[in-house]
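Shown next, in structure tokens, is the structure this report addresses.
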Number of protein chains: 2
Amino acid sequence: MIDEQTWRKFIQYVDGNHDTAIERLSELVRIPTVADPITPNPALDECAQFIRSWLQRIGVHDARVVTPEVNPLVTGSLGNDPGKPTVLIYSHMDVQAAGPETDWETPPFEPVIKENRLYGRGSGDNKGQFIAHLLAIEAYQQLGIPLPVNIRFLYDGGEEIGSGDFARFVEQSTGALAADYAFTSDGPAHESWRPTMVLGGRGIVYLKIRLRTINRSTHSQYAPVLPNAAWRMLQILNSMRDPETGRVTVDGFYDDVREPDRADLSLLGAIPSPIENLREQLAPDPFPDISSDEYYRRLLMEPVLNIAGFAAGDLTGNQTVVPGHVEVKLEALLVPDQDPQRITELLKIHLESWGIGSSDIEIMFTMKPSRTPPDHPMVGPLTDAMRRVWDTEPVVMNRFASYSPYYLFDQLGMPGFYIAYAQPDQSNHAPNENLDLTWFRNGILTSIAVLDQFGRHGEVRNQ
Amino acid sequence: MIDEQTWRKFIQYVDGNHDTAIERLSELVRIPTVADPITPNPALDECAQFIRSWLQRIGVHDARVVTPEVNPLVTGSLGNDPGKPTVLIYSHMDVQAAGPETDWETPPFEPVIKENRLYGRGSGDNKGQFIAHLLAIEAYQQLGIPLPVNIRFLYDGGEEIGSGDFARFVEQSTGALAADYAFTSDGPAHESWRPTMVLGGRGIVYLKIRLRTINRSTHSQYAPVLPNAAWRMLQILNSMRDPETGRVTVDGFYDDVREPDRADLSLLGAIPSPIENLREQLAPDPFPDISSDEYYRRLLMEPVLNIAGFAAGDLTGNQTVVPGHVEVKLEALLVPDQDPQRITELLKIHLESWGIGSSDIEIMFTMKPSRTPPDHPMVGPLTDAMRRVWDTEPVVMNRFASYSPYYLFDQLGMPGFYIAYAQPDQSNHAPNENLDLTWFRNGILTSIAVLDQFGRHGEVRNQ
């Protein structure tokens, strides 16, 4: 760890430059970088140029903007010392759409500071989090302390829409990204307000199924003789999952599941119990009758089949009708080492056995699961860094939601570490998104300490 | 039956007055009598006055308009000869809403004649059918032939919205309606284009169920631990019906079912096979693998539980979400002697055992089933009348769809006979509703022959 005296200098520097940091963040929040899968948004180019200039200012001579498909990426490298480990710092420039402006108390792209929080779309997801890395590097430079690592930068212009451009860039050229570790900051921290590190992400197969039993919905007087698409879909869905255990009953679904090992399981007990928060926030009924450990084991380590939508007939009137058509959206949420392609095939085989042909199954998107081993030798040093900044015990969790960059890190052959710098109530993806400025400051300090730890424990990089 | 010479006179009169009949129908179609359960529609009053004037013209001295709640009824009586049977002629003045005018080839309330059909909302349902009765009475009067029956008239202003005003009138005073038989003409004929008589109607319990498992839909990362409202509703619905047999598995559901007797069953073989029409019109998949007899037995005599609507989550986007809320519309379609009140209770008991309380069950409407015995002594004479007019074998069917007036006839203690005067492709309740003018003419002749048969077989009225 950084010695006490140097650490105090870093703190002094970061606190002394707090206002400038906030100004920079404000400049970025003003750029409405909502990505679209098809239509390029000029705001993303503006943001990419902003980042490129910043990188150049801190000495990244090969900073460049590339656009593999629709949305730009920014890449660049700092340092090339073979004696130091190399860290890929991943960030994303794009933001979620603001939604109806009337749901916002302040304009979404006009940063406003209230009660030590900066409000605005992208403040927490991901702009405040990614400039924390840049501000940390500036701290090293301004204090004349050599950077302990080589850095490869990657700024993604389409994380909120699935990181397709990043994936294509990885396919086309991976040289620019070669590194020992991937590091990123995103999302809100665990609901317990403890600093949080996430290791890996879930895979997913997201699909839409259509079923037609009669060529138009018809009067319900025919209900005794004509096949109702809703009843039939119910039967099909019930053939896919045991209602008592929730276990998926599609043949082969669990074949490739990598069972959590001792390291995975060892994390569970240390995650603060969700029960109180669940009761308050979501009031589930029935309330899950499980221990905190078991809750997190299922949440983080169990594959599942989820119905995300079901529509048949009509709910607006008093129609007496046999629905002839039904549409269902399903999500197979995967864990290592389930392969989305294989799961897609298994689902198709199952559905076909019930008469649903390929043309009625639309695979909307898929994502591979990924895993960073919880006993990776960098986990300890990184949590030490977090503990020092926040002065509390961090939460370390395995895979949780689906996060495209993670499987791409896997593909690039590097373990990924994800530390959240936004507080739990940042209103992620929602109106009135905001970033607590103390968490922002702690994010900068964490980045400083994390870079130091990567450098200090460089000896583990070839393990 | 009417002797051949008189019958020729009737035909001559009806054909000689065809144009006047069409004019009268056109006048009625121009009145947009769409009923609303809450807001009175002045067009219904206008129509009621039109009918009252007509009744007065043919000698109904007690014709009056009553409005038990929102929509008017017209009542009146013609004849009081204790030697003749009395027939209640039921009709409804209201029509279905026209829907988007752009779906119509001609304006819905502006009658247009094309290829021997009169187009316009209400032409077939029910205006052309009910004036056929009045035109038949005029034929008797103009030819100087005494009416063979006493007649009680009832014109309903709200059949399309459940005949609530008629039901209230029945509760308040039944004297005006006392009769030996009820007779009505409504709906399209059987798809085989044969003249059709229907005996009784289905009962129904139409309800909406809401289920909430978490107080808001949440990210699907929680799918392994939080109760998904859609999965839970699937489980509940599956507990209510055997998917293989379609049999309802709610305790007690079949307890009161009056099994079809020999007379009921004897009708089935004579109904033309639905198979060809089904294949063409609805192309059900799977195609019901049953005989025509069995098809009609189920269609006409089996209670069933139908899902009329199911909505959970959202189908418009790519949301990864655990739906916390689901809404389902169910119909229990009943047969004699199932009681909608008791079935409602049984459904509530079942749903409650799955944790769905009364406040989440909304009974939208109910209707009692009704039955006219197929071996009633008037069935033969009435089908003879139909056979004479159409020169083909009529279709006689038991209860089919739910039709409020039928259970009210039951309540008034009179067997109901329903003969359709509109051709099968009248576009009932749909855009471009129309009435084939030959079917209209045959309807008038059928009314003449039916009144004669009721009078001629008056001896059966006390059976």
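The values are calculated or read from the model by the stated rules, or taken from the named source; none is laboratory data. The shown structure was predicted, so the numbers you read here are calculated from the model rather than taken from an experiment. Note: ideal-geometry Cβ built from the backbone for every residue, glycine included; neighbour counts use all protein chains shown. Side chains included, ligands, DNA and RNA excluded: accessible areas come from the protein's heavy atoms. Shrake-Rupley method; radii C 1.70, N 1.55, O 1.52, S 1.80 Å.
Answer yes if at least one residue in segment B:330-341 is open to solvent by less than 60 Å² (accessible area, probe 1.4 Å) and at the interface with chain A (Cβ under 8 Å from one of its Cβ atoms), and no otherwise. Yes, that holds for at least one residue.
Determine, yes or no, whether B:Ser192 is open to solvent by less than 10 Å² (accessible area, probe 1.4 Å), among the polar types (S, T, N, Q) and under 19 Å from the mean Cα position of the chain (by Cα).
Numbers: open to solvent by less than 10 Å² (accessible area, probe 1.4 Å): no; among the polar types (S, T, N, Q): yes; under 19 Å from the mean Cα position of the chain (by Cα): yes.
The answer is no for B:Ser192.
Which of the residues belonging to segment A:115-140 are exposed (fewer than 15 other Cβ atoms within 10 Å of the Cβ) and in contact (Cβ under 8 Å) with a residue 12 or more places away in the chain? Hit for segment A:115-140 is A:Asn116, nothing else.
If you go through segment B:362-387 one residue at a time, how many are open to solvent by 10 Å² or more (accessible area, probe 1.4 Å) and either basic (Lys, Arg) or away from chain A (no Cβ under 14 Å) (or both)? Give the derivation first.
Step one: of segment B:362-387, the residues open to solvent by 10 Å² or more (accessible area, probe 1.4 Å) are B:362-369, B:371, B:373-377, B:379-381, B:383-384, B:387.
Of the ones still in play, those that are also either basic (Lys, Arg) or away from chain A (no Cβ under 14 Å) (or both) are B:368, B:371, B:373-377, B:379-381, B:383-384, B:387.
Qualifying residue count, segment B:362-387: 13.
Candidates in segment A:388-405 are the residues that are part of a loop (DSSP other than H, G, I, E, B) and farther than 27 Å from B:Pro224 by Cβ; of these, the one that is farthest from the other protein chains (Cβ to nearest Cβ) is A:Asp391.
Take the conditions surrounded by 24 or more Cβ atoms within 10 Å (Cβ to Cβ) and either more than 11 Å from chain B (Cβ to nearest Cβ) or at pLDDT 95 or above (or both) and apply them to A:Ala178. Does it pass?
On the way: surrounded by 24 or more Cβ atoms within 10 Å (Cβ to Cβ): no; either more than 11 Å from chain B (Cβ to nearest Cβ) or at pLDDT 95 or above (or both): yes.
Criteria not met by A:Ala178.
Among all residue pairs at least 6 apart or on different chains, which show Cβ distances below 6 Å where the first residue, located in segment A:283-296, is at the interface with chain B (Cβ under 7 Å from one of its Cβ atoms) and the second is open to solvent by 30 Å² or more (accessible area, probe 1.4 Å)? So the pair list comes out as A:Ala283/B:Asn215.
On the stretch given as segment B:347-361, residues that are in contact (Cβ under 8 Å) with a residue 24 or more places away in the chain and either surrounded by 20 or more Cβ atoms within 10 Å (Cβ to Cβ) or touching a strand residue (DSSP E or B) at 6+ places or on another chain (Cβ under 8 Å) (or both) total 5. Residues in segment A:86-105 include at least one that is among the polar types (S, T, N, Q), in a strand (DSSP E or B) and at pLDDT 95 or above. Within the bounds of segment A:231-242, is there any residue that is assigned by TED's automatic domain parsing to the domain that holds A:Arg216 and open to solvent by 60 Å² or more (accessible area, probe 1.4 Å)? Scanning segment A:231-242, I find at least one residue that is assigned by TED's automatic domain parsing to the domain that holds A:Arg216 and open to solvent by 60 Å² or more (accessible area, probe 1.4 Å), so the answer is yes.
Quick one: is A:Leu28 outside any helix (DSSP H, G or I), touching a Lys or Arg at 6+ places or on another chain (Cβ under 6 Å) and surrounded by 19 or more Cβ atoms within 10 Å (Cβ to Cβ)? For A:Leu28, the condition - outside any helix (DSSP H, G or I), touching a Lys or Arg at 6+ places or on another chain (Cβ under 6 Å) and surrounded by 19 or more Cβ atoms within 10 Å (Cβ to Cβ) - is not met. Quick one: is A:Asp264 more than 9 Å from chain B (Cβ to nearest Cβ), over 27 Å from the mean Cα position of the chain (by Cα), at pLDDT below 95 and over 30 Å from A:Pro224 (Cα atoms)? So A:Asp264 fails the test.
How many residues are buried (at least 23 other Cβ atoms within 10 Å of the Cβ) and of a type in the set (Val, Ile, Thr) if we restrict to segment A:61-85? Residues that pass the stated criteria total 1.
Results for (1) of a type in the set (Gly, Ala, Ser); (2) within 22 Å of B:Ser353 (Cα to Cα), shown as yes or no for each residue.
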{"residue": "B:Ile204", "(1), (2)": "no, no"}
{"residue": "B:Arg210", "(1), (2)": "no, yes"}
{"residue": "B:Ser220", "(1), (2)": "yes, no"}
{"residue": "B:Asn228", "(1), (2)": "no, yes"}
{"residue": "B:Pro243", "(1), (2)": "no, yes"}
{"residue": "B:Val250", "(1), (2)": "no, yes"}
{"residue": "B:Val257", "(1), (2)": "no, no"}
{"residue": "B:Leu267", "(1), (2)": "no, no"}
{"residue": "B:Asp293", "(1), (2)": "no, no"}
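Tally up the residues in segment B:308-325 that are aliphatic (A, V, I, L, M), crowded, with 21+ Cβ neighbours inside 10 Å and within 17 Å of A:Pro323 (Cβ to Cβ), please. Show your work before the answer.
Taking segment B:308-325 first, the residues aliphatic (A, V, I, L, M) are B:308, B:311-312, B:315, B:321-322.
Still in the running and crowded, with 21+ Cβ neighbours inside 10 Å: B:308, B:311-312, B:321-322.
Subsequent filtering for residues that are within 17 Å of A:Pro323 (Cβ to Cβ) retains B:308, B:311-312.
Residues that pass the stated criteria total 3.
Against the conditions (1) over 23 Å from A:Ile11 (Cβ atoms); (2) β-branched (Val, Ile, Thr); (3) in the same structural domain as A:Pro188 (by TED's automatic domain parsing), A:Ile361 satisfies every one except (3).
Count, please, the residues in segment B:106-116 that happen to be closer than 18 Å to B:Thr33 by Cα and in a loop (DSSP other than H, G, I, E, B). Before the answer, list the steps.
Of segment B:106-116, the ones closer than 18 Å to B:Thr33 by Cα are B:106-112.
Going one step further and asking which of them are in a loop (DSSP other than H, G, I, E, B), we end up with B:106-111.
So the count comes out to 6.
When we screen A:Gly124, A:Gly128 for residues that are assigned to a helix (DSSP H, G or I), within 14 Å of the chain's Cα centre (by Cα) and among the small types (Gly, Ala, Ser), the only hit is A:Gly124. Looking at this structure, is A:Met414 part of a loop (DSSP other than H, G, I, E, B) and in contact with a strand residue (DSSP E or B) (Cβ under 9 Å, 6 or more places away or on another chain)? Taking the combined requirement at face value, the residue satisfies it.
Could you check, for segment A:243-259, whether at least one of its residues is of a type in the set (D, E, K, R), surrounded by fewer than 17 Cβ atoms within 10 Å (Cβ to Cβ), assigned to a loop (DSSP other than H, G, I, E, B) and facing another protein chain (nearest Cβ under 10 Å)? Before you say what the answer is, go through the steps one by one.
Taking segment A:243-259 first, the residues of a type in the set (D, E, K, R) are A:244, A:247, A:251, A:255-256, A:258-259.
Now narrow it down to the ones that are surrounded by fewer than 17 Cβ atoms within 10 Å (Cβ to Cβ): A:244, A:247, A:251, A:255-256, A:258-259.
After this cut, where a residue has to be assigned to a loop (DSSP other than H, G, I, E, B) as well, the list is A:244, A:247, A:251, A:255-256, A:258-259.
When the remaining residues are screened for being facing another protein chain (nearest Cβ under 10 Å), the result is A:244.
Yes, some residue in segment A:243-259 is of a type in the set (D, E, K, R), surrounded by fewer than 17 Cβ atoms within 10 Å (Cβ to Cβ), assigned to a loop (DSSP other than H, G, I, E, B) and facing another protein chain (nearest Cβ under 10 Å).
Mind listing whichever residues of segment A:34-54 are over 24 Å from the mean Cα position of the chain (by Cα) and open to solvent by less than 10 Å² (accessible area, probe 1.4 Å)? Scanning segment A:34-54 gives a single hit, A:Trp54. A:Ile89 passes every criterion in (1) under 25 Å from A:Lys9 (Cα atoms); (2) over 17 Å from the mean Cα position of the chain (by Cα); (3) open to solvent by less than 10 Å² (accessible area, probe 1.4 Å) apart from (2).
Determine whether A:Leu278 is within 26 Å of B:Gln319 (Cβ to Cβ), touching a residue at least 60 places away in the same chain (Cβ under 8 Å) and touching a Leu at 6+ places or on another chain (Cβ under 9 Å). For A:Leu278, the condition - within 26 Å of B:Gln319 (Cβ to Cβ), touching a residue at least 60 places away in the same chain (Cβ under 8 Å) and touching a Leu at 6+ places or on another chain (Cβ under 9 Å) - is not met.
Looking at B:Phe400, B:Phe417, B:Phe454, which is the one that is touching a Pro at 6+ places or on another chain (Cβ under 6 Å), within 30 Å of B:Glu171 (Cα to Cα) and in contact (Cβ under 8 Å) with a residue 40 or more places away in the chain? Steps first, answer last, please.
Details: B:Phe400 fails: touching a Pro at 6+ places or on another chain (Cβ under 6 Å); B:Phe417 fails: touching a Pro at 6+ places or on another chain (Cβ under 6 Å).
From the options B:Phe400, B:Phe417, B:Phe454, the qualifying one is B:Phe454.
Mind listing whichever residues of segment A:199-230 are away from chain B (no Cβ under 11 Å), within 30 Å of A:Gly443 (Cα to Cα) and either aliphatic (A, V, I, L, M) or without any contact (Cβ under 8 Å) to a residue 12 or more places away in the chain (or both)? Hit for segment A:199-230 is A:Leu199, nothing else.
Please work out if B:Gly157 is within 17 Å of B:Asn71 (Cβ to Cβ) and in contact with a Pro (Cβ under 7 Å, 6 or more places away or on another chain).
Working: within 17 Å of B:Asn71 (Cβ to Cβ): yes; in contact with a Pro (Cβ under 7 Å, 6 or more places away or on another chain): yes.
Here the answer is yes, as B:Gly157 does meet what is asked.
Across segment A:260-293, the qualifying residues are those that are open to solvent by 70 Å² or more (accessible area, probe 1.4 Å) and not in a loop (DSSP other than H, G, I, E, B), and the one among them that is farthest from B:Asn215 (Cα to Cα) is A:Arg262. Considering each residue of segment B:402-421 in turn, none proves to be touching a Lys or Arg at 6+ places or on another chain (Cβ under 6 Å), in the same structural domain as B:Gln141 (by TED's automatic domain parsing), modelled with pLDDT of 95 or more and open to solvent by 30 Å² or more (accessible area, probe 1.4 Å).
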